[in-house]
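Starting off with a structure, shown below.
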Amino acid sequence: MRELMEKIREEGEAISDHVLKVDRFLNHQVDPELMMRIGENFADAFRNEGITKVLTLESSGISPALMTAYILKVPLLFARKRKSLTLQNDLYTANVYSFTKQEYTEISVSRSFLQKDDRVLIIDDFLANGQAALGLTGIVQQAGAEVAGIGIVIEKAFQDGGEQLRRLGFRVVSLARITSLKEGVQFAEEVMCQ
Ligand code: G4P
């Protein structure tokens, strides 16, 4: 998605060899028009998959996932990282290990919002080692529902999450694939054009 790649180039900041800061439009402040076009791109990619629900993980996955769900006219469901007053029992849960934070987080979704006949589109902002996406696929599978696809806003293709998920047979659509952050941001498409 060209507009997204330009935005990353203009407003993103590589804060190390492997971490991209995109707080200006995705992870802190959010650009709603860009999110809408991201939603349109995901909706176009998965329109024929019979999606019944979009699933993401709080918090930064919610804005692209909401726009996608709005366009596909299906509910958005987000897994929570902390139990809330109203989310205590009857849960599907998964343990997600963050290599970035070096800790496990238990993510949960109420059993009442996922059914066997659901075809679920998983959306997330970043794909790095794939642990969040794998945790979400686990939750869908616990419900006996189907993962119809995985949509990622920014895939860091130099980490192995994308490869793992594709090897497991999931259809992964990433709107921007970054191959390196070492000397500025390098995108996969540019590498292929050379
Ligand atoms: P993984 O899920 O692919 O294995 O990723 P990892 O454990 O490395 O990532 C943990 C958190 O860091 C996730 O957000 C993920 O989206 C984010 N993240 C990973 N790589 C980058 C990066 O290069 N830049 C930025 N900005 N974020 C990255 P989270 O903790 O769930 O945060 P949030 O959704 O509450 O904002």
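Laboratory data are not the source of any read-out in this text; all were calculated from the coordinates shown. Keep in mind the model is a prediction, meaning the values are calculated, not measured. No Cβ is skipped: glycine too gets one built from the backbone with ideal geometry, and neighbour counts run over all protein chains shown.
For the chain, take the longest principal axis of its alpha carbons; what is the angle in degrees between that and the long axis of helix 131-142, to the nearest 10 within 0 to 90?
So the inclination is approximately 30 degrees.
Enter the angle in degrees (range 0 to 90, nearest 10) between the Cα long axis of helix 2-11 and the first principal axis of the Cα atoms of the chain, meaning the one along which they spread out most.
The angle comes out near 70 degrees.
By the scheme Lys and Arg +1, Asp and Glu -1, what is the net charge of all other residues having a beta-carbon under 10 Å from that of E11?
Summing Lys and Arg as +1 and Asp and Glu as -1 gives -1.
Amide H to amide H, which residues 5 or more places from D118 or on other chains are under 5 Å from it, using H placed in the peptide plane?
Result for D118 returns E146.
Evaluate the Debye formula for segment 69-194 with equal point scatterers sitting on the alpha carbons, no solvent, and hand back log10 of I(q)/I(0) at q = 0.11, 0.19, 0.23 Å⁻¹, in q order, two decimals.
At q = 0.11, 0.19, 0.23 Å⁻¹ the computed log10 ratios are -0.42, -1.10, -1.42.
Around L127, under 15 Å between beta carbons, what's the net of Lys plus Arg minus Asp minus Glu among the other residues?
After counting each charged neighbour, the total is 0.
Additional query: Magnitude of the Cβ-charge dipole of segment 23-117, K/R +1 and D/E -1, about the Cα centre, nearest 20 debye?
In debye, rounded to 20, segment 23-117 gives about 260.
Return the calculated 222 nm mean residue ellipticity for the chain, to the nearest 500 deg cm²/dmol, obtained by summing -39500 (n - 2.57) across DSSP H runs with n ≥ 4 and dividing by the residue count.
-9500 deg cm²/dmol
Tally Lys/Arg at +1 and Asp/Glu at -1 over every other residue whose Cβ is under 13 Å from the Cβ of T105; what's the total?
Value of the local net charge: +2.
State to the nearest 20 debye the size of the charge dipole of the chain about its Cα centre, where the only charges are +1 on K and R beta carbons and -1 on D and E beta carbons.
In total the dipole reaches around 580 debye.
I need to check one value: relative contact order of the chain, counting alpha carbon pairs closer than 8 Å and at least 6 residues apart, in percent.
It comes to 19 percent, rounded to a whole number.
Nearest 20 debye, what's the magnitude of the dipole of segment 19-70 about its Cα centre given +1 on Lys and Arg Cβ and -1 on Asp and Glu Cβ?
My answer is approximately 60 debye.
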